[in-house]
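Where a number appears in this text, it was derived from the coordinates with a stated rule and is not lab data. Keep in mind that this is a model prediction, so the values were computed, not measured. Don't worry about glycine lacking a Cβ; one is built from the backbone with ideal geometry, like all the others, and counts go over all protein chains shown.
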Amino acid sequence: MTTIDYYFYSASPFTYLGHQAIVDVAEKHGATLNVKPVNLMALWAVSGAVPPAQRPAVRQRYRLIELQRVADFRGLPINKQPAHFPVDATVADCSIAAIISAGANPLAYMRDLFAATWANEQDISDEATLTALLKKNGFDSDEILTAAKSETVAAIREQNSKDAIDADAIGVPAYVVEGEVFWGQDRIEMLDHMLASGRSPFAP
């Protein structure tokens, strides 16, 4: 069975915009999604990227257009300038890692978590928000959030970040199949084509 390593940061708008699409592609091909939240700042420190507010004005303007364009293409709502962004998504990320460590499926929770910032004006750094989303998806919020703040789960996210860097993931979302990295939700259709065609992975 094909495995897709799925690297993401919970506060990323492009992670939100690509989430259901990568879930659908994995289901289409019977592939396993290996869900791996990362510290985006660690990836950017290697790839040379900077937060949106530190980018030239022309790139900031283009990003706002791109968010609307992708949302329209994916059929998703988008607030291009949400009230709670930028935001520290560390605990949110780690709540996903905690769910996986407990042997449960986080994908529906991830969908709601990502939409919280970009569609629903919710603050994902607020544990009350996480608690409500966890309960909505049938999880024991106390158990998951306690685990999310543990050193064990923090180490998982750190290792995921190292794995992403080793895979040459420039940012998030990034999807890796057989060593070939697809950076950005706009590469999902190319990943779909790879799996459909059965071609061998490309390398530098």
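Summary table
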| quantity | calculated |
| --- | --- |
| Boolean, THR117 is assigned to a helix (DSSP H, G or I), under 22 Å from TYR175 (Cβ atoms) and hydroxyl-bearing (Ser, Thr, Tyr) | yes |
| Tabulated pairs, region 19-48, first of a type in the set (Ser, Thr, Tyr), second part of a helix (DSSP H, G or I) and buried (at least 17 other Cβ atoms within 10 Å of the Cβ), C-beta under 9 angstrom, 6+ apart or interchain | THR32/ALA26; SER47/ILE165 |
| Residue check, PRO86 farther than 24 Å from LEU33 by Cβ and either in contact (Cβ under 8 Å) with a residue 60 or more places away in the chain or among the aliphatic types (A, V, I, L, M) (or both) | yes |
| Top-ranked residue of region 175-190 - restricted to ones that are in contact (Cβ under 8 Å) with a residue 40 or more places away in the chain and in contact with a helix residue (DSSP H, G or I) (Cβ under 6 Å, 6 or more places away or on another chain), ranked as farthest from ILE4 (Cα to Cα) | GLN185 |
| When residues of region 123-147 are limited to those that are in contact with a Leu (Cβ under 8 Å, 6 or more places away or on another chain) and touching a residue at least 40 places away in the same chain (Cβ under 8 Å), the one farthest from ALA83 (Cα to Cα) | ILE144 |
